[in-house]
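Please treat every number below as a calculation from the coordinates, not as lab data. A quick note: this is a predicted structure, and the numbers were derived from the prediction, not measured. Because the Cβ atoms are built from the backbone with ideal geometry, glycine has one as well, and the counts that use them run over all protein chains shown.
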Ligand code: FE
C-alpha cells in the first residue's frame with residue numbers, strides 16, 4: 001500500500017488577528033493558501049499577556065467551521081445564538097457558522113501562558129447557509145489512547161478503539177493530538193483521497209520513507225495523498241495530525257466569510273451591515 005510522503009514543509013508566519021493577538025499562521029498563507037477542505041490553521045498564544053489580552057472582540061463568520069482547541073490558558077466565548085462558555089485546557093469548541101454567527105473570544109486570565117489552535121474547515125455550498133450549530137466538547141469527553149510509546153487524543157476521526165465526537169461529518173475529519181516519546185513510531189492508515197498534514201509543535205520528526213530536511217517547531221508539513229503514514233520521533237515530540245476529504249468547490253474569501261463566489265461575499269458583507277446576518 002502506498003506510503004504517505006512529504007509534499008511541502010511550511011514554516012508558520014508570525015502575524016496578528018482579532019484585537020492584536022499574536023499568532024503563528026500556517027494554512028491560509030501564500031505558501032499554503034487552501035488545503036481543501038482546510039482554510040486556515042493558527043497557533044495562538046504566548047507567555048506574555050500583552051500578546052493576547054485584547055482577545056477577539058465580536059466579529060462575524062459565514063460559510064465555515066471553526067475548531068478551537070485550547071492547550072493552556074482560558075478563553076471566554078459568547079455568540080449570537082446565545083452560547084456562552086469558558087474554554088479550559090484540553091477543551092474543544094466546534095462551531096459550524098453556516099449562514100452567520102457573531103461571536104467573541106476573550107482571554108479569561110490576567111496573565112500566564114496561553115496556547116491553542118484554531119482550524120477553519122470549509123463548508124460545501126449546500127451547507128453554507130444552514131443554521132449555525134455550536135458544539136462544546138470538554139477535555140474529559142475526548143478519548144485518549146495511551147501506550148508506552150505515545151499518547152493520542154482523538155479530537156476527530158477514529159484511532160484504535162476511540163472515535164471523536166463529530167460523527168457523520170461531510171469531510172470525515174481526522175484530528176489527532178499526538179505526544180510521541182523519543183525514538184518511537186506513530187502509524188496511521190488514512191482513507192484514500194483525504195488531504196492531510198502534520199503540525200509540529202515541539203520536537204523532531206522523520207515522516208514517511210523519503211529523506212527530508214529537519215523540521216523545526218511550529219512547522220506545517222503538508223503530506224501527499226497515500227494510505228500508510230509513518231512518523232518517527234528522534235526526540236520527544238508533540239504534533240497535530242489533521243486530515244479531511246476535499247470538497248472540490250471553488251472558494252471566494254472575504255476575511256471571516258468564505259463562500260463560493262465574490263457575489264456571495266458581497267452579500268455577506270451587506271447582510272452584516274444591514275443587521276440581517278445573525279437572524280435565523
Ligand atoms: Fe471567530
Which whole-number percentage describes the relative contact order of the range 150-280, with Cα contacts under 8 Å and a sequence gap of 6 or more? 26
Percent relative contact order of the range 6-273, based on C-alpha pairs within less than 8 angstrom and at least six residues apart? 19
Note on the range 135-197: alpha-carbon gyration tensor, axes a ≥ b ≥ c; rule is a/c under 1.5 for rounded, else prolate if a/b larger than b/c, else oblate; result oblate
Relative packing of peptides 204-217, 82-95, 47-60 - highest average C-beta neighbours within 10 Å first: 82-95, 47-60, 204-217
Distance between modelled label sites at residue 133 and residue 81, nm, 7 Å Cα→Cβ extension: 0.8
If packing is taken as the average number of other Cβ atoms within 10 Å across a peptide's residues, how do 6-13, 175-182 rank, most packed first? 175-182, 6-13
In whole Å, largest first, the alpha carbons of the chain cover along the principal axes 56, 43, 35
Surface/4 of the Cα convex hull for the range 76-144, nm²: 5.6
Rh by Kirkwood over Cα pairs, then Stokes-Einstein D for the range 59-105 at 1.567 mPa s and 4 °C, µm²/s: 118
Rounded to 10°, Cα long-axis angle of helix 262-273 versus longest principal axis of the chain: 60
Just from its helices, what would the mean residue ellipticity at 222 nm be for the chain, if runs of 4 or more DSSP H residues each count -39500 (n - 2.57) and the sum is divided by every residue, rounded to the nearest 500 deg cm²/dmol? -1500 deg cm²/dmol
Modelled FRET efficiency - R0 25 Å, residue 144 with residue 218, Cβ distances, 0.05 increments: 0.60
Based on the inverse mean of 1/r over its pairs of different Cα atoms, what is the Kirkwood hydrodynamic radius of the range 1-120, in Å? 15.1
Over the alpha-carbon set of the range 224-280, work out the extent along each principal axis and list the three values in angstrom, largest first. 55, 25, 20
The range 14-34 and the range 203-274 have their Cα centres apart by a whole-number Å value of 12
How large is the convex hull of the Cα atoms of the range 182-280 per residue, expressed in Å³ as a whole number? 153
Binning at 10 Å from 0, report for the range 119-242 what percent of all alpha-carbon pair distances ends up in each bin. 12, 42, 33, 11, 2
Mean projection of the alpha-carbon convex hull of the range 1-47 over all orientations, in nm²? 4.7
